[in-house]
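Presented below is the structure to which this report refers.
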Amino acid sequence: MLSLIIVVLLSLNAQSGQPTKSVHGKNFDLHCSACHVTESWRVDPAKINFDHKKTGFTLIGAHSEINCRSCHKDLVFSHIGHACADCHVDIHKGEVGIDCERCHTPESWENRFEIFELHQQTRFPLLGAHAVIDCQSCHTSDQRTEYKLTGVECQQCHLQNFMQALNPEHRKAGFSLDCRKCHLVNASSWKQTVYRHSEAFPLTEGHSGIDCADCHAERYRGTSTDCFACHEKDYNRTVNPDHQIFGFPTVCGECHTSSDWARSRFDHTAVSGFALNGIHGRSDEVKCIDCHVNNQLSGLPKDCFGCHQKDFENAADPNHVAGNFPQDCLTCHNEEAWTPAQFDHNQTAFPLTGAHQSVACENCHKNGQYSGTAADCYSCHETNYAQTTDPDHSQNNFSHDCTQCHTTTAWKPASFDHNQTDFPLTGAHQTLNCIDCHQAGYAGTPTACISCHQENYDSTTDPDHQAANFPTTCEDCHTTTAWKPANWDHDTQYFPIYSGKHQGEWDTCADCHVNASDYSQFECINCHEHNRTDTDDKHKDVTNYVYESKACYDCHPTGRESSDD
């Protein structure tokens, strides 16, 4: 019902053009519709059409988002104060003035940028870590904010830091309370200092990472910059070499650097004339006293044997003493290690090749004898020579020059090149054992085939070589590949029995060669199925016709009927 009345009143006022009497104070003669809507009497700030800047106070920033009642208490909209203090309680108690806009803006009450810019105009500009801390960190007193400080000295805020500092301990050291002598005002951390230690003693390398108390026990003024003042204990404890016994100078910088006490830059070469190369230069492997026995500094030998005599005498593979080795150790050894040695046998009259590279020295150098060792193979391989039976080297009086058949790779297999002799090995001869041919020895072995193949010759029956009185030049019919089959060409050289009409018409050589003791004889008429009467009749017109096998062959050398063939 109330809503209906309001709507009616709003409508009448709108029609009459007359302002409604305001309940909000004097001079508030606006129509209700300027702030209210018919849906509800409650005001929706988003739908207010009232232009606040007409009042002389434009709503910007956070002011444009707050409820009207936040400023207009009790819904009184007549003119109220425009000063910040009219709405905002002065928590600073007048100490920074009542003009809030010096530090704050309508955008945000916590506008640090504005405060920061304002602070830069004071006698303590905010630098480094000071620019990011809360105001209350410095402006604190009796639970209330106080912005007028009587002084800006560091100790006002940092006295506790001063008292708690242990490296170095400021209080014991009697350091000044003027923190700016060592610390940066514009630093991001208290630990960033500007003390110039380099003006008194540059902190380089190893000195840069140690605690102040390591050098400044309790005193900072008048601390000695001499190395020995701090490193006397190091000097006294050093035993490699023993600085005290050797009487080394206490000017540590002559040998040591600030990076590492253990590593010395002492120039052994310049001082002694003996360069510390290889293992000699590694203090973890060789100590000074290893050479400077009994702390002897002068008069020491500079040649290898002077220090390595025991190594020389104890060496057993090879035995240096028995082998009368030279005492110039560098001939075989180097300064990296005594073993393995690097003797280059290839620089001698007998280079080590093949299997010789992996055998122990004493295998050739018997009884530790190294000088005058024979370089010929037989001197070491006489036993191999004597024990070889295929072929038997001793029995056959083989040459003692082993290299003719053997190599240094291995005693077996031998590499004798038979092709360099008068009888090259071809065919089946390549796979035979030497003894198969050299049964009677190796000197004067005949090269004729029959000398090895007499048995093959004698046992052959088709044809019977002995009965037929075949020649003993086996190569006329046979090859080195195999004794059978023979490669004698009956068709080309004599008569075609493997081709033509005679192919497959015979079984053995004896079918034609009826005289087994003479293969130069043969018979034709014994095989052909015809009689002499018919043959004579067919040859009655043939001049010098004779009814015998030799005549047949003379006219029919190819086995054909026509004599022209």
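Quick notes
- Residue pairs whose Cβ atoms lie under 7 Å apart, sitting 6 or more positions apart in sequence or on different chains, and linking a residue in region 200-228 that is closer than 13 Å to T257 by Cα to a partner that is not in a loop (DSSP other than H, G, I, E, B), are L203/H197; E205/T257; G206/D260; C227/C252; C227/G253; F228/Y235; F228/C252.
- Residues that are farther than 20 Å from S259 by Cα, of a type in the set (S, T, Y) and surrounded by fewer than 14 Cβ atoms within 10 Å (Cβ to Cβ) within region 182-199 comprise S188, S189, Y195, listed in sequence order.
- Members of region 523-542 that are over 25 Å from Y494 (Cβ atoms) and of a type in the set (S, T, N, Q): N531, T533
- Residue within region 344-351 that is in a loop (DSSP other than H, G, I, E, B) and under 26 Å from G281 (Cα atoms) present: yes
- For region 362-387, residues that are surrounded by 15 or more Cβ atoms within 10 Å (Cβ to Cβ), at pLDDT below 90 and over 14 Å from T408 (Cβ atoms) total 6.
- Each residue in region 528-544 was checked for being within 17 Å of C555 (Cα to Cα) and at pLDDT below 85, and 1 pass.
- Selection within region 82-114 - modelled with pLDDT under 70, of a type outside the set (D, E, K, R) and assigned to a helix (DSSP H, G or I): F113
- Annotation note: Cβ proximity below 7 Å between a residue of region 270-284 that is touching a residue at least 40 places away in the same chain (Cβ under 8 Å) and a residue that is β-branched (V, I, T) (sequence gap 6+ or interchain) occurs for I279/V286; H280/V286.
- Taking region 409-502 as the region of interest, the helices (runs of 4 or more DSSP H) fully inside it that hold 2 or more residues being in contact (Cβ under 8 Å) with a residue 12 or more places away in the chain are 434-437, 450-459.
- When restricted to residues that are free of Cβ contacts under 8 Å to residues at least 12 places away in the same chain and at positive phi, region 347-403 contains 1.
- Scanning region 169-181 finds no residues that are surrounded by 15 or more Cβ atoms within 10 Å (Cβ to Cβ), hydroxyl-bearing (S, T, Y) and either modelled with pLDDT of 80 or more or in a strand (DSSP E or B) (or both).
- T558 being polar (S, T, N, Q), part of a loop (DSSP other than H, G, I, E, B) and in contact (Cβ under 8 Å) with a residue 24 or more places away in the chain: yes
- Residue list for region 506-549, filter: under 29 Å from D462 (Cα atoms) and either in a helix (DSSP H, G or I) or in contact with a strand residue (DSSP E or B) (Cβ under 8 Å, 6 or more places away or on another chain) (or both): C509, A510, D511, A516, S549
The values are calculated or read from the model by the stated rules, or taken from the named source; none is laboratory data. A quick note: this is a predicted structure, and the numbers were derived from the prediction, not measured. Here the Cβ is made from the backbone with ideal geometry for all residues, glycine too, and neighbour counts use every protein chain on show.
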